[in-house]
Every structure is written in structure tokens, then in C-alpha cells.
Amino acid sequence: MTKEILIGNVKIGGNNHVVIQSMTNTKTEDHNSTLNQINKLYEVGCELVRVSVPNNDAAESLKIITENSPVPIIADIHFDYKLAIKSIQNGAKKVRINPGNIGSEDKVLEVVRVAQEYKVPIRVGANSGSIPKEFEHLPKVDALCEAALKEVRILEKYGFEDIVISVKSSDVKETIKAYEKISKLTNYPLHIGVTEAGTYEWSIVKSSVALGYLLYKHIGDTIRVSIAGDPIEEVRIAKKILISLGLRQGLEVIACPTCSRTEINVEKWAKKVEEKFSYINKNLKIAILGCVVNGIGEGKDADIGIAGVKNGFVLFYKGKIVDEYKEEEILNEIEKLIELEEEE
Ligand code: SF4
């Protein structure tokens, strides 16, 4: 089991649930836009948000951001140890920085002392795009792990063990192998993700394969799905990966692929149901099926199901038919059954 680490009021590692995190893509200096995005991320289920701190203005802006954020903020810093210190002093609850990039030992020690004083963990790690020269001769998976462990050792040397590790690759198999390897070498909590996973579709595929595999093997304490696009989608995908593995409670909408028997627009209704009931945070399966011929059979594992007929839907609950309803009635009828479920 990994070590438990506290990031503000969010625990990661140990027996705690796998925590969803994402990263803003606004200018951190613009605290209004950044807070706006953090609030949206929070609303869809994000539990930790990372913001990059590339300059002093961004570190200043963190003060307002951390005071008003509904979730703990992680500051992402490259090289400049002063920005790391200022970020912690301005309320960041975790920092992402590699001590090996900061320079002299004095500077590392200064960051460590401030992180200790404020009880702020540090995430160290490696990613396939920036392997340090000294490890370039190694096979990629070994290089990722060695690079991350080197950073860990620097912190440990100063008695700092409030550490989270990442070893991300943009390649699915490398990501899997690197995390499998590092998980055997350390018990610090692991931040898992595929780096530079690409645009929406590629990211979903790569993240689901890599993170799905790792999580199924009980590797990973916090996840980030990285998408070249809207971070809100990162959180939605992360949540679905966790729900589909039974690691998080929530709504699962099953929908048939449709065929010539289809009586309704399955895609449209599945999206409507997903949207209307996305607030559900207990396990519930709703099936949307194009017809009754095979519909009830196909959806009998679902708690609630609707199957298309000529003038509307047949509604079924726990595999048994309730009644037939018109299009304009069906969402309300589903809602009544959900309320019934919630009372149970
Ligand atoms: S549920 Fe009906 S419409 Fe959907 S794929 Fe099966 S047979 Fe076709």
C-alpha cells in the first residue's frame, strides 16, 4: 500500500479513493479566468487543480486563487525555486517541481524547509519528453524510473518524505511499464497519467487503456487525463474511467449501437439522460435501447431502462416493464424511479 499524503484537505495514497485532478489552461496571472475554470472543474468532479506558475505575476495571482478555490491548488514550477517558495507562501497545497532542476543544494534546501513548514507535499517525476541526459542511454522505462528516483533521493537527503511521484510517457505501453516498475520500487503515492496524450479521441483511448490497466492492478493514487483541449473533458473522462472500474460511484449510461429495428434516436436520448442525471453519485445503470425486440433482454442488467416503440418508450425497472410513455413524459418517469432508488 502507498503512503498517505495530505494535500490541503484531500488525502491521496493509502486506502483513500483515487483522486481526480486536472490543470487549468488559462493565464494564471488572470485570477478571474483561472478561478472561473477551477470552479467549472470542481462542478464536474475535479478534486485537485494544478496551475502553472511561470513567473512572479502568476505566483502573486495564486494568493487570490487559493483563497477562493473550492479545491486545493497545486503549483507547477520549472526551475525557479523562488517561485516554488512564493507559491507555497501564497497558499498552494502541493508543488510540482524537480529539485534536480533548481540548481544548488542551498536552493533545494530552502524549498524543502518552506514545504516542511507549510506541510506541503512535492510531486517529483519524469516524463518521456524531458529525460535528463544522464539517463538517456537507458531503455525509456528504466530512464523514467531512474530520473524520478533521483529526484526522490534529493528530497529524502533533506529528510523530506511528503512526496508524490509520476513517470509519464506519451506511449501507452511505456507508461504502463514505468508505473509497474516504480510501484515495486517505492511506496510513495503515484500520480498516473499519459503525457501529451493528444486531442480528445486519442487521449480517451490512450488514457483509458493505460490508466485502466494500471488502476485495475491497483497502481495509481491520483489520475490526470491530459487532453489537448478543454480540461473539463479531462475530468469527465477521468470520472468515467473510475466508474467503469468500480472505483467511484456514479451514473453509467448503457446505450445500444442501434440497427434497422431502432425506433428512436438512441444517441440523442442517451446524451439527454447523461446530462440530466449527471449529478448522481451512487451506482446506477440506465439503459437506452432502440427497440423492445431485444431491448429488454439487452438491458436487463441495468437498474432502469427505456426501449423505443412507435410512439414513445417502454420503461422498465430492474428488468420488469413499468409502462409505456410518450417522449415528453419519459425523463420525468425516469426521475421518479431514481428518487425511488435513492430512498432505498
Ligand atoms: S436494442 Fe434493438 S435497436 Fe438496439 S441494437 Fe438491439 S435490436 Fe437493434
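Computed from the coordinates by the stated procedures, all read-outs in this text should not be read as laboratory data. All values derive from a computational prediction rather than experimental measurement. Note that we place each Cβ from the backbone using ideal geometry, even for glycine, and neighbour counts take in every protein chain shown.
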The pairs in Lys217/Lys268; Lys239/Lys272; Lys27/Lys86; Lys282/Lys320 lying past 25 Å Cα-Cα in this model are Lys217/Lys268
Cα to Cα, under 20 Å, and not fewer than 8 places away if on the same chain: which lysines meet these conditions relative to Lys157? Lys3, Lys94, Lys107, Lys119
For the chain, what does -39500 (n - 2.57) per DSSP helix run (n ≥ 4), summed and divided by total residues, give at 222 nm, in deg cm²/dmol to the nearest 500? -13500 deg cm²/dmol
By Cβ neighbour count within 10 Å, fewest first, Leu6, Leu289 rank Leu6, Leu289
Which whole-number percent is the relative contact order of the range 288-344 (Cα, under 8 Å, 6+ apart)? 24
Would you mind pulling out the separation of the Cα centroids of the range 229-267 and the range 143-184, in Å? 32
Skipping prolines and chain starts, which residues have an amide H placed within reach, meaning under 5 Å, of the one on Ser166, given they are 5 or more residues away or on another chain? Val124, Gly125, Ala126, His191
Quick one: work out the % antiparallel among DSSP beta bridges in the chain, nearest 5. 30
Over the Cα atoms of the range 161-210, what is the Rg over Rh ratio if Rh follows Kirkwood? 1.02
Contact order relative to length of the range 17-127, as percent, for alpha carbon pairs under 8 angstrom and 6 or more apart: 21
Can you list the GluC sites (Glu not before Pro) in the range 75-173 that are in a DSSP coil and have 16 or fewer other beta carbons within 10 angstrom? Glu136, Glu161
In whole Å, largest first, what are the principal axis extents of the Cα atoms in the range 251-343? 36, 25, 22
Note down the nm distance, to one decimal, between modelled labels 7 Å out along Cα→Cβ at Glu233 and at Lys119. 3.9
As an exercise, use a Förster radius of 51 Å and the Cβ-Cβ distance of Glu60 and Lys285 to find the FRET efficiency, rounded to the nearest 0.05. 0.60
Provide the FRET efficiency to the nearest 0.05 for the Met1-Asn265 pair, computing r from the beta carbons and using R0 = 51 Å. 0.60
FRET efficiency (Val322, Glu67; Cβ distance; R0 45 Å; to 0.05) is 0.35
Scan the range 228-309 for chymotrypsin sites (Phe, Trp or Tyr not before Pro) in coil per DSSP, keeping those whose Cβ has at most 13 other Cβ atoms within 10 Å, and list them by number. Tyr279
Spelling out what I want: for every residue of the range 144-150, take phi, set θ = phi - 60°, compute 6.51 cos²θ - 1.76 cosθ + 1.60 (Karplus), and round to whole Hz; glycine and proline get x. 4, 5, 4, 5, 5, 5, 4
For the range 12-20, in residue order, the Karplus 3J(HN,Hα) values (coefficients 6.51, -1.76, 1.60; θ = phi - 60°; whole Hz; Gly and Pro = x) are 10, x, x, 8, 6, 5, 6, 8, 8
Only sites in a loop by DSSP and with at most 16 other Cβ atoms within 10 Å count here; which trypsin sites (Lys or Arg not before Pro) in the range 163-222 make the cut? Lys217
With charges only on Cβ, +1 for K and R and -1 for D and E, what is the dipole size of the chain about its Cα centre, in debye, rounded to 20? 840
Calculated log₁₀ intensity ratio I(q)/I(0) where the Debye formula runs over C-alpha points of the chain, q = 0.09 Å⁻¹: -0.55
